[in-house]
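Undergrad: My questions all concern the structure below.
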Amino acid sequence: MSLRPDTTGLAPVAAVETVATARSTSPRLRLVRRLLRKRGTVLAIAFLMLVAIAAIFGTAVAPHDPNAQDILNSNDVPSWSHPFGTDDLGRDILSRLIVGARISVRISLQTVLLAGLIALPIGLVSGYIGGRLDNLLMRIVDAMLAFPPLVLAIAVAGLLGKGVGNVALAITIVMVPGFARLVRASTLAVKEETFVEASRSIGTRTRRILSHRILPNVRSPLIVGMSLAFGAAILAEAGLSFLGLSQQPPNASWGNMLRRAYDHSLYTHPWQLWFPGAVIALMVLAYNTLGDALRDALSASQWVPTRDHHRKPWQAWNVLQAWQQRQRKTRRGLTAVTRIEVPAAPDPAPLLAVEHLSLEFDTEQGRVRVVDDVSFSVASGEVLGLVGESGSGKTVTSLAIMRLLGSPPARIAEGAVYFEGRDLFALSFDEMRAIRGAELSMVFQDPMTSLNPAYTIGDQLREALRLHEHVDRATARARAREMLDLVQIPAPEQRLHEYPHQLSGGMRQRVMLAIALMCRPKLLIADEPTTALDVTIQAQMLDLLRSLQRELDLSVIFVTHDLGVVADICDRVAVMYSGQIVEQGTVGEVFTRPQQPYTEGLLAAMPQTGRAGDALYVIPGQVPHPRAWPGGCRFHPRCAYVIDACRSERVSLTAGPNGAAGPTPHDVRCLRSGELDLRGSQ
Amino acid sequence: MTAITSAGPALLETRQVRKLFPIERGLRRRVHGHVRAVDGVDLVVPRATTVGLVGESGSGKSTLGRLVLRLIEPTSGQVCFEGNDITTLHGRELRELRRNFQIVFQDPYSSFDATATMLDSLREPMRAHLELDAAQQTARAAELLEIVGMSPEYLTRYPYELSGGQLQRAGVARALTVDPKLLILDEPVSSLDVSTQAQVINLFAQLQDRLHVAMLFIAHDLSIVRHVSERIAVMYLGRIVEDGPAAAVYDQPKHPYTEALLSAIPVPNPVRQRERRRIILEGDIPSPANPPAGCRFHTRCPYVLDVCRAEDPPPFLTPDGTTVFCHLHTSGPQLEGASIGDLRTGDRSAQ
Ligand SMILES: Nc1ncnc2c1ncn2[C@@H]1O[C@H](COP(=O)(O)OP(=O)(O)OP(=O)(O)O)[C@@H](O)[C@H]1O
Ligand SMILES: Nc1ncnc2c1ncn2[C@@H]1O[C@H](COP(=O)(O)OP(=O)(O)OP(=O)(O)O)[C@@H](O)[C@H]1O
Ligand code: SF4
Ligand code: SF4
Ligand SMILES: [Mg+2]
Ligand SMILES: [Mg+2]
């Protein structure tokens, strides 16, 4: 690779990696697409455009002169020449509405934009600098927010005097405090983000941090807040107009039309009230619909970036929400099964057998397969490790077994999962619910997002039991206590009354384990249960899990990317790469005599393996995205032993050389498995 | 200490630095005691050396890092850079000083502004410290990316378009922009996958060889820092309990806590992992708001002596250049600087 002229006298320390993935669509384009997906939003936008045309062109598009009186034709009902009829002075109502739009639109835009502009620096400075200035500004804001907004607007407008300009000013003043609050709150949140700390440590000036780091990030909430305020501005103007403070007759505004109709036609021609009223209501509705859609689209574009596996916290949370909801009422919600054939159950049947499982997601870019023909089994009392790099499909495989993946987008395209000989993919919702949590249970990675912050530990433990067994309160309570004891939480009686936030990370993970074991399941799926913990707490947790596993004769699927943890606790291990199993066998066999280059690479990359001072082994390149799985052996672009055949030939999982003879099978997916002499861990 | 010999004052030295966070309760924000996050730490980072700082979650590692960067003010004590106390600097002087220190954070995704491109983020330190025009800035940014092994094509990318490992390397590139003398790495590989972890660890080793930049490498896993560190300091509950040459700390730990930390790291070999003697520490790290009296580790220490509950252990300098704070070296069986492992094998306790 060519190097640039080197101004610091430095050569690149690592081989330069070129861009692999295609550039995704711009965030702005995606935002627009997301906005236009809902029909309501499109309608709202269409209506607002119509009003905008009326406001811009005014008299030019009005069918009649809005101020021309025609006493002979006063209070006409709607007709061809006057679609909305005429008012008590015979003026065309439609024309007056069209001209009145200008006032409403002008005031709503002007007040909201101006108020936003004034509030922005106040909120930014107040939130970022904090201290006494913040105290003072927020006192003033609080005082203003203590009055109902319309009352305050009337008071201010009354002080300033009649006229459109003064009303606009009054509405602006009333809006500033709310916006300032909003900006301040967002600023406070963004200020705590690491990238702001990064900017500070770089030595960037405060002014620049505010304008270039904070501002772009508080923009979205402010935009949403402002779009929701347009409706309020329209209403306020109409209200003030109705009170005669805004647009003065004979010039039309929606508010003073309402007033005129109220004063002169309320009992005789009430329909005259309908038109301005309806337009105001529609306008408010349209603004709010747009504001809501904007909020959804903006938050979606911020939270779900294009790389799917970076949204872990939300993912975990969503899965748990889905779990809890489905456990209760909703009937929809098992992962959809679209397989054509049903693979036969193995004989003799182990506790759990996953047979030829393939999973697909329907994404914006089309259908992608993320798990491809995965088979493994777990015997009673056995601990199986499922390892592999991020994105290899470990989590989705475990969620599919529980049928917890939401459909859409997920679909089980092929395969079967036999649990005690029963095909889980053929069960109904109620049958599945009876198994989940009772015989088949799960622990998630992040104990913080997986426990419900609003309930005590005791509540959550009892809930887990009551979903499956009809027990009285006292029994449930005793069981909860007993479980906390079992997972070695000191002073369990007292902990039952505590909330998740009162516990440390390690304690929370123990509680998760207690919840999962509440109904004495036969199989526990633990998805990275120790990844978020310290080494010392991890060691405690592994010890606990091992002793529980023996005591309860529990089977466990342990998902992790830490091979040290696997060596510690697992009997057998399955190594996953790009949605496939590439090697499986007993931990002893696979770790000391690996037969597949990827396994060798993973073992060599562990920091505990290499000698201090030597460079650690690095598997070159990256895990390919499921949409870009290479042909032939999926590992071939990164494999050090690649031969031509690897690039084209389909590689299947076969019995490895020393596995066929031994008591437990050792399966390998590699064309060269027999001939390579790979290094295991020392 | 041993490492500072000819070159005059150390690059960085903290002297009894302390940070107490007030615990505020209620509406009136009355102070109900303090979290003693960092409680009297002496740490030396010599020029062009890497010092590893390890300890459990909540032991005060990040707080110490942020104190050194002056992102927070110490409650007492001094932070000296090249012999000068920097705790009193403000405004422009402080900004100037920050050229010398840069930090890389744990989570690469949150340490980059999601709304800014890589180029924009890499330019930020240049704007603050270097007088370069736009074209020069872009050239420099491209060059920095190449140093960390990435193609300049990534300059136009947004953070979410990069993998964790790539983004972390971009974070290193950003930190290197102004040729800092000290890099503070706050758990830079904890959120990465095994294979990417190895990539980034190697990058640090290479950077140290070529750029001669000093590093303070914070982690909770000793096996990770030992690959790049010359010295390792072990922190527990706001204090340093052992500080010495990396090989000495890793192979012959002198403090019971270090020994426990080491024994908790699982090795990826089933036979060795299962026959290793492991010390499982009971319970969690105590609250730093209310640390135990005497030796702070006494509530979890498997070797605790009576004296430990009452008296703070004094520093003890061992022959291999380790400073250790533990009564075992001065009272009771008297290790006198030998490794804790000797206590188990009975070499010492028989005497
Ligand atoms: N809801 C979804 N929509 C589309 N793709 C998804 C979805 N959930 C997961 N994927 C994709 O499926 C693949 C496997 O993801 P999975 O979360 O199972 O990986 P993993 O092996 O558990 O990785 P990690 O170690 O990061 O947890 C990834 O490429 C991911 O992008
Ligand atoms: N701004 C703060 N206000 C109050 N307490 C704090 C603050 N920052 C840190 N602490 C407390 O100080 C102690 C040390 O925290 P610190 O973040 O330095 O630990 P750490 O060793 O970096 O841990 P981790 O491995 O979890 O990052 C903790 O008990 C923490 O709760
Ligand atoms: S099949 Fe070829 S490319 Fe794939 S792992 Fe084996 S040697 Fe490597
Ligand atoms: S001083 Fe005592 S309690 Fe502290 S580490 Fe040493 S032996 Fe353990
Ligand atoms: Mg996962
Ligand atoms: Mg920290």
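Undergrad: Is it the case that some residue within the stretch A:174-193 is more than 14 Å from chain B (Cβ to nearest Cβ) and in a loop (DSSP other than H, G, I, E, B)?
TA: No, there is no match, as no residue in the stretch A:174-193 is more than 14 Å from chain B (Cβ to nearest Cβ) and in a loop (DSSP other than H, G, I, E, B).
Matching residues to (1) within 15 Å of ligand 1 (Cβ to nearest atom); (2) over 20 Å from A:Trp629 (Cβ atoms); (3) within 14 Å of another protein chain (Cβ to nearest Cβ); (4) open to solvent by less than 30 Å² (accessible area, probe 1.4 Å):
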position: A:Leu352; (1), (2), (3), (4): no, yes, no, yes
position: A:Glu355; (1), (2), (3), (4): no, yes, no, no
position: A:Thr363; (1), (2), (3), (4): yes, no, no, no
position: A:Arg367; (1), (2), (3), (4): yes, no, no, no
position: A:Ala379; (1), (2), (3), (4): no, yes, no, no
position: A:Gly385; (1), (2), (3), (4): yes, yes, yes, yes
position: A:Glu389; (1), (2), (3), (4): yes, no, yes, yes
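Undergrad: Further question on the same structure: Of everything in the stretch B:193-245 that's at the interface with chain A (Cβ under 8 Å from one of its Cβ atoms), among the small types (Gly, Ala, Ser) and under 25 Å from A:Gly388 (Cα atoms), which residue is surrounded by the fewest Cβ atoms within 10 Å (Cβ to Cβ)?
TA: B:Ser223
Undergrad: If I go through the stretch A:148-175 residue by residue, how many of them are crowded, with 21+ Cβ neighbours inside 10 Å and aliphatic (A, V, I, L, M)?
TA: Total meeting the criteria: 8.
Undergrad: Would you check if A:Val396 is away from chain B (no Cβ under 14 Å), in contact with a Pro (Cβ under 7 Å, 6 or more places away or on another chain) and away from ligand 4 (no atom under 16 Å from the Cβ)?
TA: Judged against the criteria, A:Val396 is not a match.
Undergrad: Now for a different question. Any residue at all in the stretch B:297-316 that's under 24 Å from B:Glu336 (Cβ atoms), open to solvent by 10 Å² or more (accessible area, probe 1.4 Å), part of a strand (DSSP E or B) and in contact with a helix residue (DSSP H, G or I) (Cβ under 9 Å, 6 or more places away or on another chain)?
TA: For the stretch B:297-316, residues under 24 Å from B:Glu336 (Cβ atoms), open to solvent by 10 Å² or more (accessible area, probe 1.4 Å), part of a strand (DSSP E or B) and in contact with a helix residue (DSSP H, G or I) (Cβ under 9 Å, 6 or more places away or on another chain): present.
Undergrad: Every residue in the stretch A:534-545 that is surrounded by 22 or more Cβ atoms within 10 Å (Cβ to Cβ) and facing chain B (nearest Cβ under 8 Å), please.
TA: A:Asp534, A:Val535, A:Thr536, A:Ile537, A:Gln538, A:Ala539, A:Gln540, A:Leu542
Undergrad: Among B:Thr177, B:Thr196, which is the only one that is closer than 18 Å to A:Ile202 by Cβ, of a type in the set (Ser, Thr, Tyr) and under 26 Å from the mean Cα position of the chain (by Cα)?
TA: When all the criteria are applied, what remains is B:Thr177.
Undergrad: I'd like the full set of residues that are more than 7 Å from chain A (Cβ to nearest Cβ) and of a type outside the set (Lys, Arg), limited to the stretch B:251-270.
TA: Once the filter is applied, which keeps residues that are more than 7 Å from chain A (Cβ to nearest Cβ) and of a type outside the set (Lys, Arg), the stretch B:251-270 yields B:Asp251, B:Gln252, B:Pro253, B:His255, B:Pro256, B:Tyr257, B:Thr258, B:Glu259, B:Leu262, B:Ser263.
Undergrad: Here's another thing I want to ask about it. Taking the stretch B:97-133 on its own, how many of its residues are part of a helix (DSSP H, G or I), touching a residue at least 24 places away in the same chain (Cβ under 8 Å), open to solvent by 30 Å² or more (accessible area, probe 1.4 Å) and more than 7 Å from chain A (Cβ to nearest Cβ)?
TA: 1
Undergrad: Which of the residues belonging to the stretch A:557-614 are among the acidic types (Asp, Glu) and either outside any helix (DSSP H, G or I) or more than 9 Å from chain B (Cβ to nearest Cβ) (or both)?
TA: A:Asp562, A:Asp571, A:Glu583, A:Glu589, A:Glu600, A:Asp614 - these are the residues of the stretch A:557-614 that are among the acidic types (Asp, Glu) and either outside any helix (DSSP H, G or I) or more than 9 Å from chain B (Cβ to nearest Cβ) (or both).
Undergrad: Out of contact with any Leu (no Cβ under 8 Å at 6 or more places or on another chain) and free of Cβ contacts under 8 Å to residues at least 24 places away in the same chain - does that describe any residue in the stretch A:566-587?
TA: no
The values are calculated or read from the model by the stated rules, or taken from the named source; none is laboratory data. All of these numbers come straight from a predicted model, not from anything done at the bench. Using ideal geometry, Cβ is built from the backbone for each residue, glycine included, and neighbour counts are taken over all protein chains shown. The accessibility values were calculated without ligands, DNA or RNA, using every heavy atom of the protein model including side chains. Shrake-Rupley method; radii C 1.70, N 1.55, O 1.52, S 1.80 Å.
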